[in-house]
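What follows is a set of notes on a single structure, which appears directly below.
Nothing in this text is a laboratory measurement; each read-out follows from the coordinates by a stated rule. Please read all numbers here as calculations on a predicted model, not as lab measurements. Please note: Cβ atoms are built from the backbone with ideal geometry, for glycine as well, and neighbour counts cover all protein chains shown.
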Amino acid sequence: MAVCARLCGVGQSRRCRRRQRHNQEDQGSDSDMDEEEEERIVGHKQAEVGSVGLDSTAAAAGPSDALDYGSATVNRLEFVDRANTGPPNPQSLLDLPPELLVEIFSLLPGTALPNVALVCKKFKQILNTETIWRRRCMEEFGMREDLRKMEVGGVSSRDLYVKLLHPYRHILGLWQPDIGPYGGLLNVVVDGLFIIGWMYLPPHDPRVEDPMRRRPLFRIHMWESKKATVECMYGHKGPHKGDIQTVKKDEFSTKCNQTDHHRMPGGRQEEFRTWLEEEWGRTLEDIFHEHMQELILMKFIYTSQYDNCLTYRRIYLPPQLPSDLLQPGLFKGTYGSHGLEIVMLSFHGTAARATKLTGDPNVPAGQLTLDVDLSRPVVLPDLESQRSIEELSRLVLGVHEEVQREAQQQAKESSTTPEGAAEGACGDASGAEGVDTGSGACSESCQPGPSCSTSPPEAQPFILPLGVMARNEVYPRTCRKCFYGTGLIAGHGFTSPERTPGLFVLFDEDRFGFIWLELKSFSLYSRLTDHLAHAHAPNMERFEAMLRNMQSWTS
């Protein structure tokens, strides 16, 4: 408290300031000082002399001699104090040396610095120091390079923070573009001295293990002027003028001001051939399936009409809990003639769910493509029996019928006895998610089942049944666990959607699969390993609210 009082200039420090002014006026004269005060100061100075190792002869000197010697001691102590901590006995922050204030201000968040500048002229001048803003750029936005180069070029770190990073901080993170049923994944990051919006594209079908492809859609920088400049990166003629508008919270729009830069000399045919090579890695002549050709042409016509004038909605990565079967996140998956699509795997108690971030005309982006019941494991038969689709169907459909019977029974009980529904609230809540309540206690049935064991399960042989189609024949031949689940199928235009039973197969931490029994098809999913900053959900409630909104966007 005493230190705070001296720094802030309040409390007992008033007496210190009064004595300091008195001493400055008298310049060492002791005529106005009473003898009691003089003796007290002399004794105090003698003690200080001993503490710093001065001659002990001062202690034997007379009062007047001791006072003179003590004055010299004060000067030396002030010198030592100034060398170590700055001004002696600072009365407030204003008395601290500038280099110490720079260090203090560098620790404050950038949003607080404008208010600090309003305190006084000295603070305002100190806040012009580049070190403060350079540190804010590095710690808050991860900038690690080229800052000094930019400062030499005439753009200060303060301008970079105030005019670029801070105004556009709200668009950093993951976003889903509103492109009808197709969706997408946009990652806005600070990349060098730019803010860049990267569109993430799945690898070419069916190479699900390959890394994601990235295409820049826009960038924001301060190279040419003292203000932030937005440029559209779409097309093949280089950067050109664009604009970014914040529509509302967790939503923004991009606009291209020179759409002629998107056109090609050869017209739409050349644009389509170029898009096809980039999107699918092949020419139309290489695609022999007529239905697949129609789907590809339909996607090109639909997506190219936007000309990078799009609206984006924020999405989050799912939070991870200790009970999760594996780390949640983003995965690339095979979807037959629709090619590779991106899904988000998340865990909700004893349910694992995969939500589409990219979609197709049958099942659009935002819909729940897989819903897995982790409380209903499926034990695979021996390797020879796994080759039979009939044997696998018998196992999965048996669980499916059991789930339907329990759901019907619970619906019947809740409609006839509302009081009973309240008594079994725990079991009913689990049953609504397809959880097997079993014959055990209610508390036991609500416990997540897949992660009860601390050691990973031993791998068991796995092979696809004969007659099941797989886009990628290179799939793992061992798996850890299998669970009953359902997959969403629908007609063109998302007509007549229904959930069909299937088998969720966990291969390892980065791969899983799903066998669609009705379609006799197999989808293989591989983890997206890119580092995605500013993308994690604040909490589970916020994440689940986002999932509900995603489904409403395309429903």
For the range 216-330, shape from the Cα gyration tensor axes a ≥ b ≥ c, cut at a/c of 1.5 then a/b versus b/c, turns out oblate
Given H placed 1.01 Å from N in the peptide plane, which residues other than close sequence neighbours of Arg213 have an amide H under 5 Å from its amide H?
-> Leu201
Based on the alpha-carbon gyration tensor of the range 455-555 and its eigenvalue square roots a ≥ b ≥ c, which shape applies: rounded if a/c is under 1.5, prolate if not and a/b is larger than b/c, or oblate?
-> oblate
Residues Asp191 and Asp286, FRET efficiency given R0 of 41 Å [Cβ-Cβ distance, rounded to 0.05] | 0.75
Say each of Thr500 and Glu99 gets a label point 7 Å from the Cα, pointing the same way as Cα to Cβ; how far apart are those two points in nm?
-> 7.4
Projected label distance in nm at Thr274 and Asn549, using a 7 Å step from Cα toward the beta-carbon | 3.5
Point-to-point label distance, Glu390-Glu406, nm (Cα→Cβ direction, 7 Å offset) | 2.9
Please turn the phi angles of the range 316-328 into ³J(HN,Hα) values with the Karplus equation 6.51 cos²θ - 1.76 cosθ + 1.60 (θ = phi - 60°), one per residue in order, whole Hz, x for glycine and proline.
-> 10, 6, x, x, 9, 10, x, 7, 5, 4, 8, 5, x
Nearest 0.05, what FRET efficiency do Leu466 and His236 give at R0 = 51 Å with Cβ-Cβ as r?
-> 0.65
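Need the full-extension length gain, Asn128 to Glu473, defined as separation in residues times 0.36 nm minus the C-alpha distance. One decimal, nm.
Gain in length upon complete extension: 118.0 nm.
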Between Glu251 and Met138, what length in nm is gained on full extension when 0.36 nm per residue of separation is reduced by their alpha carbon distance?
-> 38.1 nm
What is the packing order of peptides 166-175, 394-403, taking the mean over residues of other C-beta atoms within 10 Å and listing the highest first?
-> 166-175, 394-403
What residues have an amide H closer than 5 Å to that of Leu185, excluding those fewer than 5 places away on the same chain, when H is modeled at 1.01 Å from N in the peptide plane?
-> Tyr200
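Highest mean first, how do 316-322, 537-543, 515-521 rank when packing is the count of other Cβ atoms within 10 Å averaged over residues?
515-521, 316-322, 537-543
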In sequence order, calculated HN-Hα J values of the range 124-136 (Karplus, 6.51, -1.76, 1.60; Hz; x Gly/Pro) = 5, 5, 5, 6, 7, 5, 5, 4, 4, 6, 4, 5, 5
